[in-house]
Structure formats: structure tokens, C-alpha cells
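The values are calculated or read from the model by the stated rules, or taken from the named source; none is laboratory data. Because the structure is a prediction, the values reported are computed rather than measured. Positions of Cβ are backbone-derived with ideal geometry, glycine not excepted, and every protein chain shown enters the neighbour counts. Just so you know, the surface numbers come from the protein's heavy atoms only, side chains and all, with ligands and any DNA or RNA stripped out. Shrake-Rupley method; radii C 1.70, N 1.55, O 1.52, S 1.80 Å.
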Amino acid sequence: MSDQEPSQTPATASSDSNTFAILTWIGTLIFGFIPPLIVFLIKKDDELVLETAKEALNWSITAIIGYVICAVLSFVVIGLLMMPVLGIVHLVFCILGAINASKGIAYKLPFNLRLIK
């Protein structure tokens, strides 16, 4: 009996880490930079959650910069065409991050400004 209890504890901790990492990416998709910022400031004890929060926060900042550039370029029509493209990229990257977080992998996005290290 005592052998089963320790084996369940790491699985639960890993499951909690994966859940926090998934919720960080889903929160990034819905609410922007606020959820990863909260997770980054609160969950410093878990390496997977911390790396996921950093990556999601960096992506949120990158997406905000992209939306600002699109808004400025909307005066020349190209921004209006690029804004839906950026929205689709945001959706895809958040889904990729959530899928990899469910596997316990700290995913690094390909087009991301690494401002928070």
C-alpha cells in the first residue's frame, strides 16, 4: 500500500502543472496578457508552469505590438488585411501551446519576442 501512495503524488503534481499550463494558454487566447502575468507572478515554484507563463506572456506582448502595427497600417488598407491574419496566428499559437502543455512540454513559439527571460 505504501508503494502506491508515492507513485500517485508525482502524477497529481504533474497533472496540476499541466492543468495550470493549459489554462495559461487558454487564458492568453481569451483575455490576453493578464492570465499569463498572474500565473508568472504567483507560480514561481513550478518550472513547467513558469516557462509556459513566460512564453505566453511574451506572445501576448508580441501580439499586442502586432495589433498596434496593424491598427496604424489600417490607414493604408494593408493593416485591415493583416489583422485577421494576426488573429488566426494568435489562435493557432495558443492552441499549439495548450496542446503541448497538456503533454507536459514547455513549447517555444517560432515567432515570439523573448522580452521576459
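Contact annotation: residue pairs with Cβ atoms under 7 Å, 6 or more positions apart or on different chains, pairing a residue in the stretch 22-51 that is of a type in the set (A, V, I, L, M) with a partner that is open to solvent by 70 Å² or more (accessible area, probe 1.4 Å), are LEU29/LEU91; VAL39/PHE20; VAL49/PHE20; LEU50/LYS44.
Conditions (1) surrounded by 13 or more Cβ atoms within 10 Å (Cβ to Cβ); (2) within 16 Å of ALA21 (Cα to Cα), marked per residue:
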{"residue": "LEU48", "(1), (2)": "yes, yes"}
{"residue": "GLU51", "(1), (2)": "yes, yes"}
{"residue": "ASN58", "(1), (2)": "yes, yes"}
{"residue": "ILE61", "(1), (2)": "yes, no"}
{"residue": "VAL76", "(1), (2)": "no, no"}
{"residue": "LEU80", "(1), (2)": "yes, no"}
{"residue": "PHE93", "(1), (2)": "yes, yes"}
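Restricting attention to the stretch 14-41, the residues being β-branched (Val, Ile, Thr) and either over 10 Å from the mean Cα position of the chain (by Cα) or over 16 Å from TYR107 (Cα atoms) (or both) number 5. For the stretch 22-46, the set of residues classified as at pLDDT below 90 and assigned to a helix (DSSP H, G or I) is empty.
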